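Student: Please see the structure below; I have some questions.
Computed from the coordinates by the stated procedures, all read-outs in this text should not be read as laboratory data. Since the model is a prediction, treat every value here as computed from it, not as a measurement. All Cβ positions, even for glycine, are placed from backbone atoms using ideal geometry, and neighbour counts span all protein chains on display.
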Amino acid sequence: MTFDKQIKRRDLLKTSAMLGIAGAAGSVAPSLLKAEPAKPKEIIVRAWGGPWVEALKAGVSDPFTTKTGIKVRHDLTEDNEIQPKVWAAVAQKRTPPIHINWDTTTNATKSALRGVCEDLSDLPNLKGTTDLAKPVGVDGYPIVNTYGYVYVLAYRPSAFPSGPPASYHDLLDPKFKGRLAFYNDGIGFHFPAQVAGGGKLDGIPNNMQPCWDFVSKIKTQEPLLGEDPDFVTWFQNGEIDAACTISTNALGAKRNGVDIAWTIPKEGAKFDTDGLWIPKGHSEGDLYWSREYINHALSKESQQIWLDGLGLPGVIPGLRPPPGLAGDPSYPTKPADFDRLIRISGKIQVENESEWFSKFKAIMQG
Amino acid sequence: MRRNLSCYPLTWHLMDILEAAFSKIWPKKGGFWGPYLMLSPAILLVGLLVLGLAYIGDTSLRTLDTSTFLFSEEWSLANYERALTEPFIRSVIWRSILGATIVTMTTLLLAFPYTYIMVRTRSAFLRKFLLIALFLPFFIGQVVRAYGWLIILGKQGIVNDILGLIGIEPLRMLFNYPSVLFGLVQYMFPFAVLMLAPALTAIPEEIEAAAESLGASWQETMLYVILPMAKSGLIGAGLVVLTLSLTDFAMPAILGGGTQDFVANAIYDQFFRTSDQGFGSSLAVLLIAIGSLLVWIIFMLVGAGTLALGAKDK
């Protein structure tokens, strides 16, 4: 018995040789199996300018270049203006003008429904993401959501001496006439207005009359209507006291020294996401490295730096909130934080937004 | 002694052949195709425009399926029906037509005396000053000029600062219809002056002197002599200002603050905000149709003015 248990020298040599071969094969095999396609000189990522692109550069693009040697060029064409160009390129089987589109999920959903997005469902880093990464209303992952944002009610504390506005109805006070601001198509305000008008969220999209009734009331306050940069300017110039805007704009104004705070009123606030997607029509090599870029954007390190710059909650668990934003209503992380946030499927939004925008403009320009 | 042809250099023969070939294509006396060849750049340009219009016309007849974001294979008039029945679009079309009309009248009213003084003044300094004041805005784009008005007329702007000195609370002078019209008049003014100047220059000063020598007052000379003689310039300037104002995008977008859209802004929204190029194209076709109709009515009523380039009006 003792003899049987002894390891024979020949067996030892055979086993060692086999292990050696297996080991060598093991170290070589992944690189053979995962043979990387040739690297493109650069990849082009469409992005928003200013602090948005700076944050992306610091958190994702520069580290990606360091890691792969591939330069990243940021194309600052507006997301809604690049869209028809990308659609036309895909339809005509030309190479699209960008490799990756950093886009609002709503806008990107249109491209997904049209079938121009590459499938991203097998990106390795998706396994470590929260449910937020999954776009609502489309199959699979034609888009990967990378963070969320809230359309908060931003206000000037000095204009609300008794505390933050608890409801959108507080803005109907005559003293705020001409001192409110909304997006010029009403985006971000439609859903809380539905609640403020006495309606229910499940009335969206079929019964939005309460929303339009409340928008009509707000119209009597003669609000200013604008786009993202306008809100910051108006707060800086002291032209407005309250605005329904993306928290990033309010945070940007605060970082510039503007006396501003934000809240989520009792009607709730729209929660939405932005994401990354790749248009169809790229070569195998370009597609591979574009996917690598998005995969890299989903790593914890990249998300931390990128979203510190934007002040927004990411899709990787355990990210450290930027200074001052822990527990902030614009930085939801726990399930309870989402209780007062309104999230409507991207599909419902894209199918109805044209009508919503027209209706809002008709009231405001009437 | 005459030399044999074969002793000339080869390059000379080559040039002779090329010259003969060229003269076949383009005879020295012009030939039948000469004028058409001269017209070819214009035909190419207009042809491309027509191609674009045909494409827009085709797209305008296709409706968007928002479940796939693809356009219908079949043609229909649904987009036009929507454009003509949707209250918001109707109000935008009406606002554009009214705005273009007011801007045209106001601009002509302001441009006429400016041009008259510029043409008639004997002071070289004043003429140069007026010319510089006219051309300087041309070096600044429309968008920059609109932002300039934001700085001047904004709540924290220069005008409100001055009003504040005499105790007047800041007024909101922007983001309304008058501010858009104001911006458009300021933008269109140089175009009108440049169209009017040749017409007024062509009126000899002696005619004014003759009218006055026959007992006409300065006002009568202006009303019965100069204005009728400047009619072609006024019509030409009016047509240019009307069509440019009707199709303007930047002034309503910037000075209207999202509350005073013109048709061009609605087209932009449909193309780029809601991705409905079919509906946007139908609005574009309607805008072209409205502009063409207005111009046709003016042509019928008062002729083409200087735009007729010397041809008989009507």
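Student: Report the residue, chosen from B:Ala197, B:Ala304, B:Ala133, that carries the largest GNM mean-square fluctuation when chain B is represented by alpha-carbon nodes joined by springs under 10 Å.
Tutor: So, out of B:Ala197, B:Ala304, B:Ala133, the one fluctuating most is B:Ala133.
Student: What is the magnitude of the charge dipole of the protein assembly as shown about its Cα centre, with +1 placed on the Cβ of each Lys and Arg, -1 on the Cβ of each Asp and Glu, and no other charges, expressed in debye to the nearest 20?
Tutor: 1700 debye
Student: Do the alpha carbons of any pairs in A:Lys67/A:Lys300; A:Lys219/A:Lys359; A:Lys359/B:Lys155; A:Lys300/A:Lys347 sit beyond 22 Å of each other, and which pairs?
Tutor: A:Lys359/B:Lys155; A:Lys300/A:Lys347
Student: Which is farthest toward the positive dipole end of chain B among B:Trp149, B:Met105, B:Pro190, measuring Cα position about the Cα centre, with Cβ charges +1 (Lys, Arg) and -1 (Asp, Glu)?
Tutor: Working it through, the farthest residue towards the positive pole turns out to be B:Pro190.
Student: For the peptides A:278-291, A:242-255, what is the packing order when you average, over each peptide's residues, the other Cβ atoms within 10 Å and list the highest mean first?
Tutor: Ranked by mean Cβ neighbours within 10 Å, highest first: A:242-255, A:278-291.
Student: Please report how far the C-alpha centroid of region B:185-207 lies from that of region A:305-366, rounded to the nearest whole angstrom.
Tutor: For region B:185-207 versus region A:305-366, the Cα centre distance is 55 Å.
Student: When only Cα pairs under 8 Å and 6 or more residues apart are kept, what is the percent relative contact order across region B:82-308?
Tutor: Relative contact order of region B:82-308: 28 percent.
Student: Residue by residue through B:66-76, how many Cβ atoms from other chains fall within 10 Å of the Cβ on average?
Tutor: Mean partner shielding for this stretch: 3.
Student: Same structure, new question: What distance in nm lies between label points placed 7 Å from Cα along the C-beta direction at B:Thr121 and A:Lys200?
Tutor: Placing both labels 7 Å beyond Cα along the Cβ direction yields 7.3 nm.
Student: Next question, about the same structure. Given an 8 Å cut-off on Cα distances and at least 6 residues of separation, report the relative contact order of chain A as a percent.
Tutor: 26 percent
Student: Project the alpha carbons of the protein assembly as shown onto their principal axes and report the range along each, largest first, in whole Å.
Tutor: Reported extents, whole Å, longest axis first: 143, 105, 53.
Student: Now for a different question. Can you give me the span-like helices of chain B, meaning DSSP H runs with 24 Å or more of Cα extent along the axis and Kyte-Doolittle mean at or above 1.0?
Tutor: Span-like helices here: B:34-60, B:87-120, B:177-201, B:277-302.
Student: Which value at 222 nm does chain A reach when only helices count, each DSSP H run of 4 or more adding -39,500 (n - 2.57), with the total divided by all residues and rounded to the nearest 500 deg cm²/dmol?
Tutor: One gets -12000 deg cm²/dmol as the mean residue ellipticity at 222 nm.
Student: Hey, another quick one. Need the list of aspartates and glutamates near A:Lys39 for cross-linking: C-alpha distance under 14 angstrom, and skip anything on the same chain fewer than eight residues off.
Tutor: A:Glu284, A:Asp286, A:Glu292
Student: Against the longest principal axis of chain A, how steep is helix A:300-310, in degrees 0 to 90 to the nearest 10, with axes from Cα atoms?
Tutor: The two axes meet at around 20 degrees.
Student: Also, quick follow-up: Using the Cα centre of chain A as origin and beta-carbon charges of +1 (Lys, Arg) and -1 (Asp, Glu), tell me which of A:Ala89, A:Ile218, A:Ser354 is placed farthest towards the positive end of the dipole.
Tutor: Going by the charge dipole, the pick is A:Ala89.
Student: If you don't mind, another one. If you place +1 on the Cβ of every Lys and Arg and -1 on the Cβ of every Asp and Glu, how big does the dipole about the Cα centre of chain A come out, in debye to the nearest 20?
Tutor: Charge dipole, chain A, about its Cα centre: 1220 debye, nearest 20.
Student: Determine the percent antiparallel among the DSSP beta bridges restricted to chain A, to the nearest 5.
Tutor: Beta bridges within chain A, antiparallel portion: roughly 60 percent.
Student: Separation of region B:23-76 and region B:142-157 by C-alpha centroid, Å?
Tutor: 40 Å
Student: Tell me, what is the percent relative contact order of region A:108-242, built from C-alpha pairs under 8 Å that lie six or more residues apart?
Tutor: Averaging sequence separation for qualifying contacts and normalising by length gives 23 percent for region A:108-242.
Student: Could you state the angle between the C-alpha long axis of helix A:9-33 and the longest principal axis of the C-alpha atoms of chain A, as a value from 0 to 90 degrees rounded to the nearest 10?
Tutor: 40 degrees
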